[in-house]
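> I have a structure here, written as structure tokens, and I will follow up with some questions on it.
Taken together, the values in this text are just the output of simple stated rules run on the coordinates, not laboratory data. Since this is a predicted model, take the numbers as computed values, not measurements. Quick reminder, even Gly has a Cβ in these numbers, built from the backbone with ideal geometry, and neighbours come from all protein chains shown.
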Amino acid sequence: MNARRMRGVYVVEFALVGLLLFILLFGVLELGRLFFTVNALNETVRRGARLAAVCEIHEPRILRRAIFNEADNSAASSLIANLQTADLSLVYLDGNGSPIANPSTPGSAGFSAIRFVQLRVENFTFDSLIPGLSGAITLPPFSSTLPRESLGRHAEPDAVPEITPC
């Protein structure tokens, strides 16, 4: 065989093997991004449920802090693309696990019936960055339910009802 003709074969082989190698490399990177997003969403619901258990009811800072933003930042999440506070569903539950319709103020029947807090993220879509495979993947729902704690109020009857900052 002529060595000059063989150079072209090496280039073609490298092009085929290199293409497969780069597809595999980008697939692994994209899978890593997917796992990161899933773990970050799990942490979002855990963190938000924990804050809801100890902070004042309907405090907007709970959801802002849950999506890894500053307390006064109401924009989309700075960590997870496309995650807004509107994507989170915070529900206060009674002892049977039924949602409480009006958990508004201390002293009301709704407030005293709260036994659990639940934060959910549903229908979150993960957008792939691989060219040609740029379909959106809808992730399963993420949920965290924790027992209520102070809900932003002091337990002592003589204490001034201060709101715990979140």
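> Residue by residue through the stretch 113-122, which ³J(HN,Hα) values in whole Hz follow from phi under the Karplus form 6.51 cos²θ - 1.76 cosθ + 1.60 (θ = phi - 60°), with glycine and proline marked x?
For the stretch 113-122, the Karplus-derived couplings read 7, 5, 10, 9, 10, 9, 10, 10, 10, 10 Hz, x marking Gly and Pro.
> I've got another one for you. Quick one: dipole size for the chain, taken about the Cα centre, charges +1 on Lys/Arg Cβ and -1 on Asp/Glu Cβ, in debye to the nearest 20.
On the way: 14 positive and 15 negative charges, 179 e Å.
Here the chain has a charge dipole of around 860 debye.
> Placing unit charges on C-beta atoms (Lys and Arg positive, Asp and Glu negative, everything else neutral), compute the dipole magnitude of the stretch 5-102 about its Cα centre in debye, rounded to 20.
Computed about the Cα centre, the dipole is about 440 debye.
> Still on this structure, I have one more. Using only Cα atoms, tell me the angle between helix 3-54 and the longest principal axis of the chain; keep it within 0 to 90° and round to the nearest 10.
0 degrees
> Also: Under the rule of -39500 (n - 2.57) per DSSP H run of 4 or more residues, summed and divided by the residues of the chain, what mean residue ellipticity at 222 nm is obtained, to the nearest 500 deg cm²/dmol?
Taking each H run of at least 4 residues, the total per residue is -13500 deg cm²/dmol.
> Placing +1 on the Cβ of each Lys and Arg and -1 on the Cβ of each Asp and Glu in the stretch 1-125, which of Val91, Phe22, Val54 has its Cα farthest towards the positive end of the resulting dipole?
Phe22
> Between (i) 24.7, 97; (ii) 19.9, 62; (iii) 26.3, 98, which matches Rg and Dmax of the Cα atoms in Å calculated for the structure shown?
(i)
> Something else now. Can you put Ile62, Ile137 in order, fewest other beta carbons within 10 Å first?
So the ranking, lowest neighbour count to highest, is Ile137, Ile62.
> Rank the residues Thr138, Thr37, Thr145 as a footprinting-exposure proxy: fewest other Cβ atoms within 10 Å of their Cβ go first.
Ordered from fewest to most neighbouring Cβ atoms within 10 Å, Thr138, Thr37, Thr145 come out as Thr138, Thr145, Thr37.
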